[in-house]
Amino acid sequence: MSLRPRAPTHAADSRYDVVGIGNAIVDVLVRADDSFLTEHGLTKGAMTLIDAARAEQLYAAMGPARECSGGSAANTIAALASIGAACAFIGKVRDDQLGQVFAHDIRALGVAFDTAPAPLGAPTARCLIFVTPDAQRTMQTYLGVSVDLGPEDIELKLIADSKITYLEGYLWDPPAAKEAFRKAARAANAAGRLVALSLSDPFCVERHRAEFRALVERHVDLLFANEEEIKSLYQVATFDEALQKVRGHCRVAALTRSAKGAVVVAGDEVHVIDAQPVGRVVDTTGAGDAFAAGFLYGFTHDFDLARAARAGAIAAAEVIGHVGARPEAPLKSLIADRLGAI
């Protein structure tokens with residue numbers, strides 16, 4: 001079946017604005033200095049997949065930590081719910097304590113989460129996040145049972161009931177989850193809905209560059225990436241080269257550039273959006289996830305592309321002003337104060 005992008009669907013029968021599919025992870029955040037990263041052989045600023053033994057070793061070496069529900073797509077869905085969007089999430093947890101915490105947290109935000117927990121197998125996933133004084137985050141992720149997400153967990157009616165199916169690039173690592181990803185994309189296409197993809201991480205792009213290029217060129221309507229990810233995708237040295245490469249490969253590409261703001265390209269349209277002022281950058285964890293949330297809210301609520309990107313920039317600015325990837329202030333109010341009624 002062809003997965004070619006179709007026209008946007010904003011029909012009144014859409015129950016949800018966005019359904020996110022990704023790794024259901026509990027974040028464990030701790031402040032660390034560069035010497036800790038060096039001592040433990042961690043690649044600063046990157047996300048690295050680790051096994052259970054490595055997770056236990058690093059956890060034992062960490063200082064006092066803060067635990068909260070996370071995962072890239074789940075963070076975006078949580079931020080979208082904060083703005084006021086109708087959302088659902090699909091992700092696999094174990095029927096253990098962390099799995100119960102994750103489910104409670106996301107449902108408390110008003111997000112529909114009905115994926116059946118696994119009764120056996122690996123425990124709920126966790127991500128050890130080391131935040132250095134320069135606000136960079138280094139992530140060591142044990143995926144646990146989240147890799148067992150499979151096609152059987154994709155509810156076709158839920159996909160058909162959602163304007164956009166949002167997928168995180170990290171999901172492309174496990175084979176079963178990759179099949180779930182494909183099933184969801186086919187279902188969205190068949191229902192005339194849209195597919196959005198976040199490239200997630202430069203190292204993730206390196207692992208799956210050829211497949212990601214095929215996805216972007218053939219299947220993806222909305223692409224989210226930061227500067228390093230989009231340069232890695234097209235193996236070019238400059239952002240401008242990457243911008244020219246991605247033009248025309250998908251309906252919309254929303255590309256973030258940290259302090260330089262963001263660029264949105266859609267056919268002949270190019271919008272350059274300034275970053276929102278931030279008193280002090282505390283932790284960049286989840287900045288891209290929050291930007292995607294603001295943009296997706298605007299896109300599904302008939303904002304023009306520039307206004308949708310500004311909503312994304314406002315959401316990202318809130319998240320980087322504190323530790324943790326989930327918003328602490330009501331994003332709906334922040335965006336309305338700066339952009340007008342939403």
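The values are calculated or read from the model by the stated rules, or taken from the named source; none is laboratory data. Treat the numbers as computed from the prediction; the structure is a model and nothing was measured. With ideal geometry, Cβ positions are generated from the backbone for all residues, glycine too; neighbour counts draw on all protein chains shown.
Being in contact with an Asp or Glu (Cβ under 9 Å, 6 or more places away or on another chain), more than 19 Å from THR76 (Cα to Cα), touching a residue at least 12 places away in the same chain (Cβ under 8 Å) and β-branched (Val, Ile, Thr): is that true of THR115 here?
Against the criterion (in contact with an Asp or Glu (Cβ under 9 Å, 6 or more places away or on another chain), more than 19 Å from THR76 (Cα to Cα), touching a residue at least 12 places away in the same chain (Cβ under 8 Å) and β-branched (Val, Ile, Thr)), THR115 does not qualify.
Which of (1) surrounded by fewer than 18 Cβ atoms within 10 Å (Cβ to Cβ); (2) over 22 Å from the mean Cα position of the chain (by Cα) does ALA46 not meet, given it meets every other one?
If we test ALA46 against (1) surrounded by fewer than 18 Cβ atoms within 10 Å (Cβ to Cβ); (2) over 22 Å from the mean Cα position of the chain (by Cα), just (2) comes out false.
Out of the range 81-127, which residues are in contact with a Pro (Cβ under 6 Å, 6 or more places away or on another chain), crowded, with 18+ Cβ neighbours inside 10 Å and under 15 Å from VAL26 (Cβ atoms)?
Passing the criteria: VAL93, ARG94, GLY99.
Of the conditions (1) surrounded by fewer than 24 Cβ atoms within 10 Å (Cβ to Cβ); (2) farther than 21 Å from LEU215 by Cα; (3) modelled with pLDDT of 90 or more, ALA135 fails just one. Which one is it?
(3)
Please list, ordered by first then second residue, the pairs with beta carbon atoms under 6 Å, 6 or more apart or interchain, first in the range 293-315 and closer than 23 Å to GLY71 by Cβ, second outside any helix (DSSP H, G or I) and not small (Gly, Ala, Ser).
Close Cβ pairs (under 6 Å, with a partner that is outside any helix (DSSP H, G or I) and not small (Gly, Ala, Ser)) amount to LEU296/VAL18; THR300/ASP17; THR300/LYS163; ALA313/ILE273; ALA313/GLN276; ILE314/GLN276.
So which residues in the range 157-211 are acidic (Asp, Glu) and buried (at least 19 other Cβ atoms within 10 Å of the Cβ)?
If the condition is that a residue be acidic (Asp, Glu) and buried (at least 19 other Cβ atoms within 10 Å of the Cβ), then GLU168, ASP201 are the ones that fit.
Can you name the residue in the range 282-299 that is surrounded by 24 or more Cβ atoms within 10 Å (Cβ to Cβ) and not small (Gly, Ala, Ser) and, of all such residues, is nearest to ALA336 (Cα to Cα)?
Ranking the qualifying residues of the range 282-299, first place goes to TYR297.
Given the conditions (1) buried (at least 20 other Cβ atoms within 10 Å of the Cβ); (2) in contact with a Pro (Cβ under 6 Å, 6 or more places away or on another chain); (3) farther than 30 Å from ARG257 by Cα, report the number of the one that VAL145 does not fulfil.
Here VAL145 meets the rest and fails (2).
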